[in-house]
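Just below is one structure, and these are the notes that go with it.
All of the numbers you see were taken from the coordinates with simple rules; none came from a lab. Every value quoted in this text rests on a predicted model; they were computed, and no experiment measured them. Here the Cβ positions follow ideal geometry from the backbone for every residue, glycine too, while neighbour counts run over all protein chains shown.
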Amino acid sequence: MTTPELTVPLLRIQTRSGERYDSAIDLERVRAAHRPLHTARTEVTADGNTAAAIATLQMWRAVIYPGFPITPSTKWIETVAAHVAAQPDGIKRVKLLEAEHAVADYMAGAAAACRDLVFPTATSSVGLDHMTETTRSLGASGLGNVMIIDVYRATANYPLCIEGDPSDTLAHRDDGFIQIAARGKQQIYDTVLQAPCLGMHPDVMTPTMPGYYGIKDSHRNARLTVEADSAIHAFQDRWIRPCPLPGLINGDTAFGNCVTSRFFQGFKLEQKRRMEKVFEVLPAIGGDFERTFGRPGLAFFDAAGWPESGGVDLAVVSMLTPFPSAAVREKLRRARAVLVVNQAHHMGRGHLTLDVADALGNLPSAPRVLSAFAGLGGADVSESTWEAMLDVGRRALAGEDVADGRIYHEGAAL
Amino acid sequence: MSSYKETATRESCFQPGSTLCPGCMESVAFQNIGRVTDNGVKTIFTIGTSCGEVSTLAFPDVVAWGRGNAPPEAFEKSFSIIHNVFESAPTLAESIRDVADVLTSCGALQRPVQVLSFSGDGGAIAIGLRPLLHTIHRRTRITITVLVNEFFANTGFQYSPAATPFSDTSTTPAVGPTPGNLNMPLDYVHLAIAAGADLVAQISPAHGKLFMKTVEKSLECQGTAVLFVPAPCISGWKYDDGRTVELALLGARCGIFPTFIWERGQGGAVKDCPLEASERPRIEEFLAPQRRFAHLVETRKDTGEVVARPGREQTLEKLRAWTESNVERLYALAKLK
Ligand SMILES: Cc1ncc(C[n+]2csc(CCOP(=O)(O)OP(=O)(O)O)c2C)c(N)n1
Ligand code: SF4
């Protein structure tokens, strides 16, 4: 084979991970090949999967969409496929693999091949479990350009329940992904747009897993404000800069080496440090998003409050991993008791309860932390269920001995 | 095609320092494939967890890859490698190929890239049969290399679906009356053809020139090329120093793993392994030097002849019958177009 006549000279840069050949990949050509989906801010009606699909389609850095169907995330890949099929001369491609495991492997290779492109997919429940062997590699890889959109669905298959609780995402807390929960179509769209800015930030370089509730959010329609592609590009370009480390194509490098325990410590330390940087970078991205688009950006909590005034308040944690312990401590430090409502099965007091209790543990007079489970399998949490849970909180404050960690459904403690 | 002499003097991307066993055929394969890929095209390897990976990619001491003497500014000599999980090498290679193709399609990448995947037989045809066949099925323009040592060597020589019948493995031990592995090997050559590969070969570096030419051809293939490389394993096959190439040749010639090269649309050929059994070396010659078959054959002290151990006569005949069918099968496959 001979090398064709080249128009771009190469600039070689030495990095701690090997040589990087700048301009071996001319990203401007990728940007130029993007066909805008929207040229102006537009109002549409969309379900959650469509909102997530539109967001990923609007990114010029997303050119390959690997996927495998599973309820309730399937419409993401279908929507992307319909768009790509309608533009056969565009550069975007859908990649249908034989299983989620292969999707995750594919994303590892693709994201390592070019660290400046974004590789999104969507999955749910056992689909995410099927990826696990590689999600753990990805979590430690430094490949912040990988995004797995997790449409929450109960895990596992005995019994099989296709409705949405976040037990799938919570089973993957330690895979190494940044996990952000979104509620409502607008927040889904906005979160997907911001996630690569966070993951690909040079201090963070950690893959992202935005998520939302299956069925309730994935399948129900609502109004959605869609931004112009050009506005999205301008926002993302402020945050996403060329990766400082070499990829497989523009580098002379190795990924996925073996190490002895002596060096393993260093790799894990770096992984943790990168994850901790999320606490600094996320609010900055969220703030910029709000200034740019006039809607709340990424934050540790979802804006929420208790409908009635009185001694009760509600805080919804949207940042699942890394868990924003300091922010939780600050928010709850004056509470007398905290009732943590867990929506996912846990053999103990609940994933969230443990994190909240841990966050409050060091306070000089820590509030009492109570645990409840509600909305399992995506069940509605009715007003009577809220009342029943609150009753436990009130009785605990009155000094009564109350049962902790019960499952609540339709107003009853089970 | 380059001349053999020219190819043989190129700089391999496989560099000194690996901890593969001395006498391991995999290092010979890496060395030679590494030379063929020094062809003016940037090279990317993917590799599954295996002997070939753990022995060459240990950070920071043994990274036995890269074109060491090439000037760093020479992009076409630059070399990248990625290891992910045990079964993932073909999928990784496919994704890299796709990214390079998309970038090329919009003019963002102007220099060519060649992508090769490496797996052991465990990674490719046991745990990884599904990704292997699907990557082939999607007609990916890559070279898939499977280093067939007939074991999960890295974890201590457990059975793999490529194991020769009646071989002793750590999970199909030849103990008491049980004569080792009772399973017939998976017909991976046929599977690769059926899945849609454009070039399928079974060839070891013991057939030096042909091996190099086949690798070179695989890099020019417009679809998926699959190279199954029989790889005598000195530690698991348990033979004496210096016999690796001899055993690779004997195994091929006696019909245990005949050299076979096939191209879609043209058909193929079995090389150096006659269809007529009497014209091939006896399988006993291949079996005798390897202690994984010590329960099956012995060498008579008086005549030097290799014969079945008492009580193993029928087992040896079964292995001979399987070998016969193996050769016939490959001759039949060669006729496929
Ligand atoms: C999912 C999974 N299961 C098991 C293993 C353990 N394991 C690592 S390498 C290996 C065997 C590799 O066999 P093969 O692909 O034939 O390569 P070889 O070691 O023979 O070179 C096994 C079983 C693993 N790494 N991952
Ligand atoms: S165990 Fe076998 S395959 Fe592995 S390095 Fe040693 S000789 Fe090679």
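Note on chain A: helix-only mean residue ellipticity at 222 nm, from DSSP H runs of 4+ residues weighted -39500 (n - 2.57) and normalised by residue number, equals -11500 deg cm²/dmol. A cut-off of 5 Å between modelled amide H atoms, ignoring neighbours fewer than 5 places along the same chain, links residue A:122 with A:68, A:149. Kirkwood's formula applied to the C-alpha pairs of segment B:241-337 gives a hydrodynamic radius of 14.4 angstrom. Among B:64, B:294, B:74, which one shows the highest mean-square fluctuation when chain B is modelled as a Gaussian network with alpha-carbon springs under 10 Å? Result: B:74 has the largest fluctuation of those listed. Select from A:188, A:70, A:91 the residue whose mean-square fluctuation is largest in a Gaussian network model of chain A (Cα-Cα springs shorter than 10 Å). Checking each option, the largest mean-square fluctuation is seen for A:91. Its DSSP H runs of at least 4 residues, each contributing -39,500 (n - 2.57), put the calculated 222 nm mean residue ellipticity of chain B at -9500 deg cm²/dmol, to the nearest 500.
Applying the criteria of a DSSP loop state and at most 15 other Cβ atoms within 10 Å to the trypsin sites (Lys or Arg not before Pro) of segment B:111-177 yields B:139. The Rg/Rh ratio for the protein assembly as shown is 1.04, where Rg is the radius of gyration of the alpha carbons and Rh is the Kirkwood radius. Between residue A:158 and residue A:264, the modelled labels are 3.0 nm apart [label points 7 Å from Cα along Cα→Cβ].
Can you bin segment B:4-333 into rounded, prolate or oblate? Criterion: square roots of the alpha carbon gyration tensor eigenvalues sorted a ≥ b ≥ c, rounded for a/c under 1.5, prolate for a/b above b/c, oblate for the rest. Prolate. Note on residue B:299 and residue B:329: their simple-model spin labels are 3.0 nm apart, each label 7 Å out from Cα toward Cβ.
Distance from the Cα centre of segment B:199-231 to that of segment B:258-276, in angstrom? With segment B:199-231 and segment B:258-276 each reduced to a Cα centre, they are spaced 12 Å. Average 1/r across all pairs of distinct alpha carbons in segment A:273-399, invert it, and you get the Kirkwood radius: 16.1 Å. A straight line joining the Cα centroids of segment B:298-328 and segment B:1-36 runs 35 Å. Charged side chains reduced to their Cβ positions (Lys and Arg at +1, Asp and Glu at -1) give segment B:1-103 a dipole of some 300 debye around its Cα centre.
Highest mobility in the GNM of chain A, judged by mean-square fluctuation with C-alpha springs under 10 Å and restricted to A:365, A:382, A:261, is found for A:261. For the pair residue A:241 and residue B:209, a Förster radius of 60 Å applied to the C-beta separation gives a FRET efficiency near 0.75, rounded to the nearest 0.05.
Taking a straight Cα-Cα cut-off under 19 Å and skipping sequence neighbours fewer than 8 places away in the same chain, the lysines within cross-link reach of residue A:216 are A:75, A:185. What is the dipole size for chain B, taken about its Cα centre, with +1 at each Lys and Arg Cβ and -1 at each Asp and Glu Cβ, in debye to the nearest 20? So the magnitude is around 420 debye. Distance between the 7 Å Cα→Cβ label points at residue A:312 and residue B:272: 8.1 nm. Sorted largest first, the spans of the alpha carbon positions of segment A:27-293 along the three principal axes are 54, 49, 36 Å.
Placing unit charges on the Cβ atoms of the charged side chains and taking the dipole of segment B:4-333 about its Cα centre, the candidate lying farthest along the positive direction among B:92, B:28, B:108 is B:108.
Computing Rg and the Kirkwood Rh from the Cα coordinates of segment A:57-198 gives a ratio, Rg/Rh, of 0.94. Taking amide hydrogens as placed 1.01 Å from N in the peptide plane, the amide H of residue B:81 sits under 5 Å from those of A:253, A:254, A:255, B:45, each at least 5 positions away in sequence or on another chain. Each Lys and Arg contributes +1 and each Asp and Glu -1, all at the Cβ; summed about the Cα centre of chain A, the dipole is approximately 780 debye.
Relative to the dominant Cα principal axis of chain A, helix A:48-58 is inclined by about 30°. At full extension, residue A:23 and residue A:337 could sit 107.3 nm farther apart than now, given 0.36 nm per residue minus the alpha carbon distance.
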